[in-house]
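Nothing in this text is a laboratory measurement; each read-out follows from the coordinates by a stated rule. Predicted model, so just to flag it, every value in this text is computed and none were measured. All Cβ positions, glycine included, derive from the backbone under ideal geometry; neighbour counts span all protein chains shown.
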Amino acid sequence: MLHLGDLKKAASAAPARSRGRGAEPMPDWPARFVELAAAARDTRLQAFYAAGAVAGDSALKDVPMVAIDVETTGLDPARDEIVSIGLVPMDAAGIRSSASRYWVVRPRAGLHPESVTIHAITHAQIEAAPDFGAIVGELLAALAGRVVVVHCREIERRFLDVALKVRLGEGIEFPVIDTMELEARLHRAPHPGFFARLFGKKPAPVSIRLADSRERYKLPRYRAHHALTDALATAELLQAQVAHRFAPETPLRELWC
């Protein structure tokens, strides 16, 4: 997961999915997938949508999931591209590390030196890697029928959507559980009271980055900015969040976005 400074740059270009008053209503994802399956032209996308979306009233304990992370050449999907993808199948009770997948893919433009120092994917690795289009079928098959778990949904959603539009001529939609959003809900600063405003007191900000969020749940620190490691780290974070704040019977709609 490539964090080059302020993550707000990644979120500002897409409408926020706040769960507060006046928020945009959540799609009926099963119905939306039926529509998308009928409209899709590429057979791989047709198969992905035909696998269906889990209903929002499903209990967490019954929801198949897959944690995913992408490393990119930067944070602007109009200019930057995916260079690696890691995914780990999971559910609320366990993580299937043995079924993990990892791909390095070749971007059309060259690597930025700044991004190489972060994700450590070299020019030699890129030259030997396939184009993203060559692994689309495998990727969509691994995601099909599962709820996608990410840490900062604007990254994975937007980069995957743009990458498919470039290769297939059509993008992709899918529901996600965003572990960053779950942390934001918990640590979002309350409206300051009268005396706080009077004396100019502000609560200290709480970091909701992946490593800092994991630390609050006493999870071990992993090497950052490797797509597969970050996918595993995200999967473990969600399990910790569920164990501390939710119940096995909690409806999926309480978490996804």
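Assign unit charges at the C-beta atoms only (+1 for Lys and Arg, -1 for Asp and Glu), then state the dipole size of region 29-254 relative to its Cα centre in Debye, rounded to the nearest 20. Can you show the working numbers first?
Numbers: 28 positive and 28 negative charges, 132 e Å.
It comes to approximately 640 debye.
Take every Cα pair under 8 Å in region 29-254 that's 6+ residues apart, average their separations, divide by the length, and report that relative contact order as a whole percent.
Numbers: 368 pairs, mean separation 61.7, N = 226.
Once divided by the residue count of region 29-254, the mean separation gives 27 percent.
Would you be so kind as to identify which of Ala235, Phe48, Val66 lies farthest towards the positive end of the dipole of region 29-254, taking Lys and Arg as +1 and Asp and Glu as -1 on Cβ and the Cα centre as origin?
So the residue furthest toward the plus end is Ala235.
Between Lys61 and Arg223, what is the label-to-label distance in nm when each label sits 7 Å out along the Cα-to-Cβ direction?
Modelled inter-label distance: 3.8 nm.
Taking the square root of 5 times each eigenvalue of the Cα gyration tensor, what semi-axes in Å does the equivalent ellipsoid of region 29-254 have, largest first? Could you put the intermediate results ahead of the total?
Values: eigenvalues 180, 113, 61 Å².
After diagonalising the Cα gyration tensor, the semi-axes are 30, 24, 17 Å.
Please give the length that would be gained between Ala211 and Arg44 if that part of the chain were fully extended, namely 0.36 nm times their separation in residues minus their C-alpha to C-alpha distance (nm, one decimal). Working shown, then result.
Numbers: separation 167, 0.36 × 167 = 60.12 nm, distance 3.43 nm.
Full extension of this stretch gives 56.7 nm more.
Excluding Ile135 itself, what net charge comes from residues whose Cβ is under 11 Å from its Cβ, given Lys and Arg +1 and Asp and Glu -1?
+2
If you take every residue apart from Tyr222 with its C-beta less than 10 Å away from the C-beta of Tyr222, what net charge results, scoring Lys and Arg +1 and Asp and Glu -1?
Numbers: positive: Arg214, Arg221, Arg223; negative: Asp230, Glu236.
Charge balance in the 10 Å sphere: +1.
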